[in-house]
1. Is one or more of the residues making up the stretch 30-45 in a helix (DSSP H, G or I) and under 19 Å from the mean Cα position of the chain (by Cα)?
2. Kindly indicate the residue of the stretch 72-109 that is among the β-branched types (Val, Ile, Thr), within 28 Å of Ala239 (Cα to Cα) and under 17 Å from the mean Cα position of the chain (by Cα) and also surrounded by the most Cβ atoms within 10 Å (Cβ to Cβ) among those meeting that condition.
3. Please work out which residue is nearest to the chain's Cα centre (by Cα), limiting yourself to the stretch 328-349 and to residues that are of a type in the set (D, E, K, R) and at negative phi.
4. Restricting attention to the stretch 19-54, report how many residues are loosely packed, with under 13 Cβ neighbours inside 10 Å and either touching a Lys or Arg at 6+ places or on another chain (Cβ under 9 Å) or closer than 25 Å to Ala107 by Cβ (or both).
5. Which pairs do you get when a residue that is within 17 Å of Ser42 (Cα to Cα), found in the stretch 104-125, comes within reach of a residue that is outside any helix (DSSP H, G or I) and open to solvent by 40 Å² or more (accessible area, probe 1.4 Å), reach meaning Cβ atoms under 9 angstrom, with the pair 6+ apart or on two chains?
6. Which of the residues spanning the stretch 115-170 are open to solvent by less than 70 Å² (accessible area, probe 1.4 Å) and of a type in the set (Ser, Thr, Tyr)?
7. Report, ordered by the first and then the second residue, all pairs with beta carbons closer than 6 Å, sequence separation of six or more or different chains, a first member in the stretch 307-335 that is without any contact (Cβ under 8 Å) to a residue 24 or more places away in the chain, and a second member that is open to solvent by less than 10 Å² (accessible area, probe 1.4 Å) and among the small types (Gly, Ala, Ser).
8. Just to verify a result, which residue in the stretch 231-252, among those that are assigned to a helix (DSSP H, G or I) and among the charged types (D, E, K, R), is modelled with the lowest pLDDT?
Amino acid sequence: MLGRNELCPCGSGRKYKRCCLNKDVVLERAGRKVVLSQKQYSELYTRIQEYAKQDKFKEECEKAKEMFYIVEDEATNEKFERFFNTYFVQDHIMESKKVMTVEFYEANRDNLNTKEVEILRNLFESYVGIYEVKEVLDDKILLKDCLTQKEIYTEDVNLLKDFKVGSCMIARIVNIEDTSILIDVTISISNSVKDVICNDIVQLFNQYEDLYKDMKTFLIHHTHILYKYMQQLLDPSIAEYLKQQKEAKMNKATEEIALTQEDANEDECKVCFVLRQNVEQEHIGSCIAFWNEYKQVHGDVKGSENGWAAAVEYHMKKVAGENITQAQISKKYEISPSTLGKRYKDLKVS
């Protein structure tokens, strides 16, 4: 243990007590708070994980995998198993319209203490976001959420010791006992990558803003999007796979433009265009006919064409008796199951 009168290890040439001692004391206190908060979170999270392993949730787990993973390669996906477990427990919206943490709370509320209930409530509100370091202090760091524009202090300074003002990251923050800690995923990203991801997400939010009251609500329902960016950043082979998929889709789109130009009405309809890009030949006719009928009755409809097209395909395949899940269709159209569920409800109500 370093003595108070010894030279400070920072190299200043001053005695430790007159240099970094106070700073280290503050840092140590912050570290103890973080360790305690992490322990409380980990103990509760382990219980939720055990609860989620029940046989009745096996089908939901498979649906979550379809939504979460980008490639169908077991060896590649093993790298992200820890992140998937958090996604399944905290983010995957099940057929019950609830996430696992809510299911756990409702099943165990009589056996939970006040602290555990508060942690669960904070988990309900958590999401993976994009953050920029705005200020670095001895015992805390100020982060700005680049998508909601809100600022938050985190005491998790040891985890972020290599981050400077202006540094950016993908991270998830949860408040435990008045201490904000980073859980599950913290990945450093460049400013250029931050801008690309933020621009993409803002565009998506603008397409679905009639369904969500604000950006935070959108992110809570679409956390899988950030997890998919994370997979691309951590594994170059996934990024290459997506590049090839995008090129193939663009080539198909070019071919479809010629087809849609043959029909002036369909050429004006973006939903029909998206349907032609995605629906199999045996279903495309019925899907377009259904959508044109729906549009004729309801006039102009608001919202992303992907959301409406996904709902139309899901509806028509259910009518045809196909065994199809919302997770499968959502992944195909790059939307969340909750968005598909809302649009599907709109179609059925009509």
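The values are calculated or read from the model by the stated rules, or taken from the named source; none is laboratory data. On a predicted model such as this, the values are computed, not experimentally measured, just so you know. A quick note on method: Cβ atoms are made from the backbone with ideal geometry, for glycine too, and the neighbour counts reach across all protein chains shown. Remember, those area values only see protein heavy atoms, side chains included, never the ligands or the DNA or RNA. Shrake-Rupley method; radii C 1.70, N 1.55, O 1.52, S 1.80 Å.
1. Yes, that holds for at least one residue.
2. Just the residues of the stretch 72-109 that are among the β-branched types (Val, Ile, Thr), to begin with: 76, 86, 89, 93, 99, 101-102.
Subset that is within 28 Å of Ala239 (Cα to Cα): 76, 86, 89, 93.
This time we only want the ones that are under 17 Å from the mean Cα position of the chain (by Cα), so: 86, 89, 93.
Values: Thr86: 20, Val89: 21, Ile93: 25.
Ranking the qualifying residues of the stretch 72-109, first place goes to Ile93.
3. Residues of the stretch 328-349 of a type in the set (D, E, K, R): 331-332, 334, 342-343, 345-346, 348.
Imposing the further condition that a residue be at negative phi reduces the set to 331-332, 342-343, 345-346, 348.
Working: Lys331: 13, Lys332: 17, Lys342: 18, Arg343: 20, Lys345: 23, Asp346: 25, Lys348: 28 Å.
Across the stretch 328-349, the extreme among qualifying residues is Lys331.
4. Total meeting the criteria: 7.
5. If the second residue must be outside any helix (DSSP H, G or I) and open to solvent by 40 Å² or more (accessible area, probe 1.4 Å), the pairs left are Lys115/Glu177; Glu118/Asn175; Glu118/Glu177; Ile119/Asn175; Ile119/Glu177; Asn122/Asn175.
6. Residues satisfying the conditions are Ser126, Tyr127, Tyr131, Thr148, Thr154, Ser167.
7. Ile329/Ala310
8. Result: Lys252.
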